[in-house]
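What follows is one structure encoded as structure tokens, with my remarks underneath.
The values are calculated or read from the model by the stated rules, or taken from the named source; none is laboratory data. Everything quoted here is computed from the prediction, not taken from an experiment. FYI the Cβ positions are ideal-geometry reconstructions off the backbone, even for glycines, and counts take in every protein chain you see.
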Amino acid sequence: MLETTRYEARQRLRGTLALAVLLGAFALLVIYIYPTIAESSADIDALIQSLPESVREGFGAETYTTIEGFVAAEVYQTIWVLLLGLYMAYTAGGVLADDVESGRLYLVLAAPVSRKRVAAEKFLALGLPIAVLNLTMPLFVFGGTVAVDYPLDPYYLVVVHLLSVPYLLVCGGIGLLLSVVLDRGDTAQRGGIALVFLLFMLDSVTLGTDAEWLGAVSPTRYIDPTAILLHETVDLVDPLLLLVVATALVVASLRHFQRRDV
């Protein structure tokens with residue numbers, strides 16, 4: 001059972017570990033400069049308040065007077081929500097389209113295995129980077145804040161990572177849907193990046209406007225590291241909604257892949 005998942009996970013392990021180290025190192029670098037930032041945080045906060053609301057909300061920039069506000073904006077809103085969301089969409093975009101384009105899928109389907117099972121197990125393999133990154137990143141972040149003597153509350157740090165899983169699954173689901181619709185892997189991957197980024201921008205630019213309702217289609221509307229880390233506000237409704245959307249995307253992808261001509 002889950003032979004495809006295990007194989008795909010092994011193929012992703014080295015790249016995932018390298019990404020975990022790179023993201024952790026970048027987070028440490030950002031946290032390392034916070035004591036210097038804290039000395040002029042009042043001036044920075046004044047600059048933040050002068051920015052349009054859509055920019056402040058889109059990048060989670062509320063205050064730099066606390067380590068919670070700084071880390072939420074500089075690490076989680078930028079690296080975790082935007083960049084990692086793009087990475088998940090890009091990675092999922094190639095899980096099937098690459099195999100269709102290269103012809104490897106014909107060899108796989110020659111075995112007694114259904115299309116749905118192959119697609120589902122390939123998507124399950126994306127759980128490896130999600131799990132590894134969510135296990136390693138809080139260690140880097142918490143260790144870095146302790147080292148600079150501005151420790152974060154580890155409870156809310158863990159909550160941020162737990163509640164980010166449904167969001168990452170939605171981004172992966174977007175990539176998977178494009179991967180079963182399009183025949184070229186690079187097209188599906190670029191399409192996943194473009195779509196997730198456009199949804200992020202739609203959410204950002206419509207905040208505080210009469211068209212704010214348009215941003216409700218963006219998964220970034222339903223994840224807010226700043227609210228969790230800075231205000232200690234935990235909302236379980238939004239993650240549950242994201243789980244429903246992720247499930248719907250995966251089911252739609254599997255059904256389309258079962259019917260399509262490969």
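The residue of region 168-182 that is nearest to Ala73 (Cα to Cα), among those that are among the hydrophobic types (A, V, I, L, M, F, W, C), surrounded by 19 or more Cβ atoms within 10 Å (Cβ to Cβ) and out of contact with any Ser or Thr (no Cβ under 6 Å at 6 or more places or on another chain), is Leu168. Pairs are defined by a Cβ separation below 7 Å, a sequence spacing of at least 6 or placement on different chains, a first member in region 180-202 that is modelled with pLDDT under 95, and a second member that is basic (Lys, Arg); the pairs so defined are Val180/Arg260. Per the listing Ala9, Ala89, the residue uniquely modelled with pLDDT of 90 or more and either closer than 20 Å to Leu254 by Cβ or part of a loop (DSSP other than H, G, I, E, B) (or both) is Ala89. The set of residues in region 92-122 being more than 24 Å from Thr16 (Cα to Cα), modelled with pLDDT of 70 or more and not in a helix (DSSP H, G or I) consists of Val113, Ser114. Looking only at region 36-44, decide whether some residue is under 30 Å from Ala147 (Cβ atoms), modelled with pLDDT under 80 and outside any helix (DSSP H, G or I). Yes. Name every residue in region 214-262 that is of a type outside the set (Val, Ile, Thr), surrounded by fewer than 21 Cβ atoms within 10 Å (Cβ to Cβ) and outside any helix (DSSP H, G or I), in order of residue number. Residues satisfying the conditions are Ser218, His231, Glu232, Asp235, Leu236, Arg260, Asp261. Selection over region 137-167 of residues that are more than 13 Å from Ala72 (Cα to Cα), surrounded by fewer than 19 Cβ atoms within 10 Å (Cβ to Cβ) and not aliphatic (A, V, I, L, M) gives a count of 6.
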